[in-house]
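Asks: Once you've had a glance at the structure underneath, I'll fire off some questions.
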Amino acid sequence: MSRVPLIAGNWKMHKTVGEAEALIQALLPRVASLESVEIAVCPPFTALAPMVDSARGSRVAVFAQNMHEADHGAFTGEVSAAMLLDLGVSGVILGHSERRAFFGETDAALARKLPAALTAGLTPILCVGETEAQRLAGETEAHVRAQLESDFAAVEPERYAEVVVAYEPIWAIGTGRVATPAQAQEAVAFVRSVLAERSAEAERIRVLYGGSVSGENAVELLALADVDGALVGGASLTAESFAAICAAARQ
Ligand code: PGA
């Protein structure tokens, strides 16, 4: 089963429109020839429309970092899938650990957001992963299983392969402490095995690794049998390092 790798850059709360423009202009020529890799950038909401304009006709898709599950309504501060599509956005990160930890994102909400994104035609990148305490307590698999089972609860089994899952150990995010290749492969294969219990499409689901991915460690991580790409934070904020990770996915 050959799955097209996806490298997604999560810019988090970085980049004004001017800074985003400089980054995308530096990135586009560096990734223009990487044909067997899908590439997405995930700017803050304020830079989505200009990034869609700048990336039009290129190999780079533009994803959002969050959305609300409703089409519209009295939800101050939120945006819907329809609003993202209207801008030309093609996907959305859901359930990032920072949203879960700092903004009260729950598995119950994700169980609504995941089908809402699919129904709208957005590609969701669902993030799951354990804390350091959970890993040390031997609870990684139970925790990741619980997240997947809750978050996929309302996704029809035949649509599973339209979801991208990012396994991101929380202790590796923004810390420089990347998971070892063995840890990454084991957890990503576990994600696929849990999804395979529920859907015949599991072999087609792309499962990414995220957490301190860099231009230096990307080749080793992306060569792992079950790792179908990366969700990149810090190293996506400069064109050189993000392009190096995209190039590593091609090998
Ligand atoms: P990092 O972030 O690459 O800076 O560790 C990854 C993420 O939060 O998705």
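Asks: Just for region 218-238: of the residues that are assigned to a loop (DSSP other than H, G, I, E, B) and within 26 Å of Gly138 (Cβ to Cβ), which one is most open to solvent (accessible area, probe 1.4 Å)? Please lay out each step first, then the result.
Replies: Our first condition is that a residue be assigned to a loop (DSSP other than H, G, I, E, B); within region 218-238, this holds for 223-228, 233, 237-238.
Add one more test, that the residue is within 26 Å of Gly138 (Cβ to Cβ), and what stays is 224-227.
Values: Leu224: 32, Ala225: 83, Asp226: 32, Val227: 10 Å².
Ranking the candidates gives Ala225 first.
Asks: Can I ask one more? The conditions are (1) assigned to a loop (DSSP other than H, G, I, E, B); (2) more than 14 Å from the ligand (Cβ to nearest atom), and Ala187 fails exactly one of them. Which is it?
Replies: (1)
Asks: Determine whether Ala196 is away from the ligand (no atom under 15 Å from the Cβ) and modelled with pLDDT of 95 or more.
Replies: On the way: away from the ligand (no atom under 15 Å from the Cβ): yes; modelled with pLDDT of 95 or more: yes.
Here the answer is yes, as Ala196 does meet what is asked.
Asks: Considering only residues that are more than 17 Å from Lys15 (Cα to Cα) and in a helix (DSSP H, G or I), which ones fall in region 29-70?
Replies: The answer is Pro29, Arg30, Val31.
Asks: Follow-up question, since we're still on this one. Scan region 134-177 for residues that are of a type in the set (Ser, Thr, Tyr) and open to solvent by 10 Å² or more (accessible area, probe 1.4 Å) and jot them down. Steps first, answer last, please.
Replies: So the first thing to find is which residues in region 134-177 are of a type in the set (Ser, Thr, Tyr), and the list is 140, 150, 160, 167, 175.
Thr140, Ser150, Thr175, listed by residue number.
Asks: Just the residues that are more than 30 Å from Thr238 (Cα to Cα), open to solvent by 30 Å² or more (accessible area, probe 1.4 Å) and either aromatic (Phe, Trp, Tyr) or assigned to a loop (DSSP other than H, G, I, E, B) (or both), please, taken from region 191-217.
Replies: Those that are more than 30 Å from Thr238 (Cα to Cα), open to solvent by 30 Å² or more (accessible area, probe 1.4 Å) and either aromatic (Phe, Trp, Tyr) or assigned to a loop (DSSP other than H, G, I, E, B) (or both): Glu197, Arg198, Ala200, Glu201.
Asks: Oh, and also: Within region 79-92, can you find the residues that are open to solvent by less than 40 Å² (accessible area, probe 1.4 Å) and more than 16 Å from the ligand (Cβ to nearest atom)? Before you say what the answer is, go through the steps one by one.
Replies: The first filter runs over region 79-92 and keeps only residues open to solvent by less than 40 Å² (accessible area, probe 1.4 Å), leaving 79-81, 84, 89, 91-92.
Within region 79-92, Val79, Ser80, Ala81, Leu84, Val89 qualify.
Asks: Also: Go through region 100-111 and count every residue that is open to solvent by less than 60 Å² (accessible area, probe 1.4 Å) and free of Cβ contacts under 8 Å to residues at least 40 places away in the same chain.
Replies: Result for region 100-111: 3.
Asks: Being on the phi > 0 side of the Ramachandran plot and buried (at least 18 other Cβ atoms within 10 Å of the Cβ): is that true of Gly95 here?
Replies: Taking the combined requirement at face value, the residue satisfies it.
Asks: Next up: Here are the criteria: (1) within 16 Å of the ligand (Cβ to nearest atom); (2) within 30 Å of Pro29 (Cβ to Cβ); (3) surrounded by fewer than 19 Cβ atoms within 10 Å (Cβ to Cβ). Tell me which single one Thr180 does not satisfy.
Replies: Result: Thr180 fails condition (2) only.
Asks: Here's a follow-up. Being of a type in the set (A, V, I, L, M, F, W, C), touching a Gly at 6+ places or on another chain (Cβ under 6 Å) and near the ligand (Cβ under 10 Å from one of its atoms): is that true of Leu237 here? Can you show your working first?
Replies: On the way: of a type in the set (A, V, I, L, M, F, W, C): yes; touching a Gly at 6+ places or on another chain (Cβ under 6 Å): no; near the ligand (Cβ under 10 Å from one of its atoms): yes.
No: the conditions fail for Leu237.
Asks: Would you call Gly129 modelled with pLDDT of 95 or more and over 18 Å from Gly210 (Cα atoms)?
Replies: Working: modelled with pLDDT of 95 or more: yes; over 18 Å from Gly210 (Cα atoms): no.
Taking the combined requirement at face value, the residue does not satisfy it.
The values are calculated or read from the model by the stated rules, or taken from the named source; none is laboratory data. Here the structure is a predicted model, which means the values were calculated and not measured. A quick note on method: Cβ atoms are made from the backbone with ideal geometry, for glycine too, and the neighbour counts reach across all protein chains shown. With ligands, DNA and RNA removed, areas are computed over all heavy atoms of the protein, side chains included. Shrake-Rupley method; radii C 1.70, N 1.55, O 1.52, S 1.80 Å.
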